[in-house]
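A.B. asks: Could you have a look at this structure, given as structure tokens, before my questions?
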Amino acid sequence: MNSGLTAERVYDAIRAQILDRAYLPGTRLDPAQMAKDLAASMTPVRDALHRLMGEGLVEARTGSGFHLPLLDELSLIDLYRWSHELSLLALRRWTPEPSEPAPPALADRTNALFDRIARGSDNGEHRRAMQQVAARLHAVRHVEPRALPGVSEELESLEDGLDHPDRRRFLTLVSAYHRRRGRAAGAILRALYRAQ
């Protein structure tokens, strides 16, 4: 098999495992076991883990290898703030794009909404940054409904609001969405760790 294809297959598989919450935050990732499980050599596994480090999905700890980052309340609040700031940046230069059918899972719908916000910006860096923060928040977005009532209805308001001509109304909704999660970060984390 082509080494480039193997590298992409391994990267995609490990990234999918992380996003599908196959590992608890803080879990040590064993490259040798991953290579065995993925029928690959250590090189593409290590390359994938380094690439995922660049995306903030994996971290390297001196003397103990690769781990999923631990998520604490302050770092989760920072991620929500970063998502909010990116949204505001993208919306400054936003041109409406046609919406696509929303995925059924709430976390995927949320990611699709914020991706649409970033796609409408004329700056491609907004989209890359939004995709990275979405990946880092993906597991959290799965458990938000356990800590916050009305998440589905809130998301529906955001989806509808993005197409509303009153941009200030939408900015208010986006700000409220992120502030609410920042205030509930502790409860959301407890739901995340209970779900694992």
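The values are calculated or read from the model by the stated rules, or taken from the named source; none is laboratory data. As the structure is a computational prediction, the values presented were derived from the model and not from experiment. Because the Cβ atoms are built from the backbone with ideal geometry, glycine has one as well, and the counts that use them run over all protein chains shown. The area values use the complete protein model at the heavy-atom level, side chains included, leaving out ligands, DNA and RNA. Shrake-Rupley method; radii C 1.70, N 1.55, O 1.52, S 1.80 Å.
A.B. asks: Check Arg119, Arg81, Arg51, Arg46 and return the single one that is closer than 16 Å to Glu159 by Cα and either open to solvent by 40 Å² or more (accessible area, probe 1.4 Å) or not polar (S, T, N, Q) (or both).
C.D. replies: Of the residues listed, the single one that is closer than 16 Å to Glu159 by Cα and either open to solvent by 40 Å² or more (accessible area, probe 1.4 Å) or not polar (S, T, N, Q) (or both) is Arg119.
A.B. asks: Sticking with this one: With Leu74, Leu68 as the choices, which residue is modelled with pLDDT of 90 or more and either of a type in the set (Lys, Arg) or open to solvent by less than 60 Å² (accessible area, probe 1.4 Å) (or both)?
C.D. replies: Criteria check complete, one pass: Leu68.
A.B. asks: As an exercise: evaluate Glu144 against (1) without any contact (Cβ under 8 Å) to a residue 12 or more places away in the chain; (2) open to solvent by less than 60 Å² (accessible area, probe 1.4 Å); (3) acidic (Asp, Glu) and give the number of the one condition it does not meet.
C.D. replies: Unmet for Glu144, out of (1) without any contact (Cβ under 8 Å) to a residue 12 or more places away in the chain; (2) open to solvent by less than 60 Å² (accessible area, probe 1.4 Å); (3) acidic (Asp, Glu): (1).
A.B. asks: Let me ask something additional. For segment 87-115, what are the residues that are touching a strand residue (DSSP E or B) at 6+ places or on another chain (Cβ under 9 Å) and either touching a residue at least 40 places away in the same chain (Cβ under 8 Å) or outside any helix (DSSP H, G or I) (or both)?
C.D. replies: Of everything in segment 87-115, those that are touching a strand residue (DSSP E or B) at 6+ places or on another chain (Cβ under 9 Å) and either touching a residue at least 40 places away in the same chain (Cβ under 8 Å) or outside any helix (DSSP H, G or I) (or both) turn out to be Ala90, Leu91, Arg93, Trp94, Thr95.
A.B. asks: Here's a check for you: in segment 54-65, which residue that is without any contact (Cβ under 8 Å) to a residue 40 or more places away in the chain and touching a Lys or Arg at 6+ places or on another chain (Cβ under 9 Å) is least open to solvent (accessible area, probe 1.4 Å)?
C.D. replies: Within segment 54-65, the match that is least open to solvent (accessible area, probe 1.4 Å) is Gly65.
A.B. asks: Let me ask something else. Of all helices (runs of 4 or more DSSP H) completely enclosed by segment 127-196, which ones contain at least 3 residues that are touching a Gly at 6+ places or on another chain (Cβ under 8 Å)? Please lay out each step first, then the result.
C.D. replies: Values: elements: 151-162, 167-183, 185-195.
Result: 167-183.
A.B. asks: What's the total number of residues in segment 44-72 that are assigned to a strand (DSSP E or B) and hydrophobic (A, V, I, L, M, F, W, C)?
C.D. replies: Within segment 44-72, residues that are assigned to a strand (DSSP E or B) and hydrophobic (A, V, I, L, M, F, W, C) number 2.
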